[in-house]
């Protein structure tokens, strides 16, 4: 007996043999994206771990004492690097409406470190992943300062622009949360510090795992 071909059965003599359904495009993309999660992390030797830990400690001290780089060349450099990606984010997200165009600055300075972090994650490079994660969460502290300035307007803006160009004052006004500026900024700052400490702790754990193996 012959069976007609269909999406579920092959054309064969005798009993029908069910075809295996292939996963859809989205499922295939997702499987490819998360595939590195099953791969082992590259080991970390003690010298790179020690050097990275010292750098983290210095940066954390500077983040706590001179975030905007008033007295530190290193923090001034880091702030300007973040600022480049911040300014890039505005035109990049301007195609999605006014609100996203304003928010795009913050999204830009967060997405670039996130992309770097994910790239190291895919390579299973624990050291690079930790550095990228530190950079990502450091930007939360930078954003928190900008948020906190939404009411007091003390920060100098690029080009000497006034309050009409202040991203977070405009966003908080649009969302009608300007009165909650301190709470939102404080929460963002706390998330940044929690993330930074967590990344450092994770790196130490990975080093211990490498040492034990």
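The values are calculated or read from the model by the stated rules, or taken from the named source; none is laboratory data. Predicted model only: the values in this text are computed from it and were never measured. Neighbour counts run over all protein chains shown; Cβ positions are idealised from the backbone, glycine included.
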Only listed residue being under 24 Å from residue 52 (Cβ atoms) and touching a residue at least 24 places away in the same chain (Cβ under 8 Å), chosen from 120, 140: 140
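Of these, 59, 78, 26, which one is out of contact with any strand residue (DSSP E or B) (no Cβ under 6 Å at 6 or more places or on another chain) and modelled with pLDDT under 90?
None of the other options fit; the residue is 26.
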Out of (1) touching a helix residue (DSSP H, G or I) at 6+ places or on another chain (Cβ under 7 Å); (2) surrounded by fewer than 20 Cβ atoms within 10 Å (Cβ to Cβ); (3) part of a helix (DSSP H, G or I), the one residue 136 does not meet is (2)
Selected residue [assigned to a helix (DSSP H, G or I), under 20 Å from the mean Cα position of the chain (by Cα) and under 21 Å from residue 158 (Cβ atoms)] from 56, 85, 129: 85
Please go through segment 169-193 and pick out each residue that is in contact (Cβ under 8 Å) with a residue 40 or more places away in the chain and within 23 Å of residue 79 (Cβ to Cβ). 170, 171, 185, 186, 188, 189, 191, 192, 193
Total residues in segment 101-130, condition within 17 Å of residue 209 (Cα to Cα) and surrounded by 21 or more Cβ atoms within 10 Å (Cβ to Cβ): 3
Have a look at 103, 110 and point out the one that is within 26 Å of residue 206 (Cβ to Cβ) and either assigned to a helix (DSSP H, G or I) or in contact with a strand residue (DSSP E or B) (Cβ under 6 Å, 6 or more places away or on another chain) (or both). 110
Test: residue 90 is at pLDDT below 95, within 21 Å of the chain's Cα centre (by Cα) and surrounded by 15 or more Cβ atoms within 10 Å (Cβ to Cβ): no
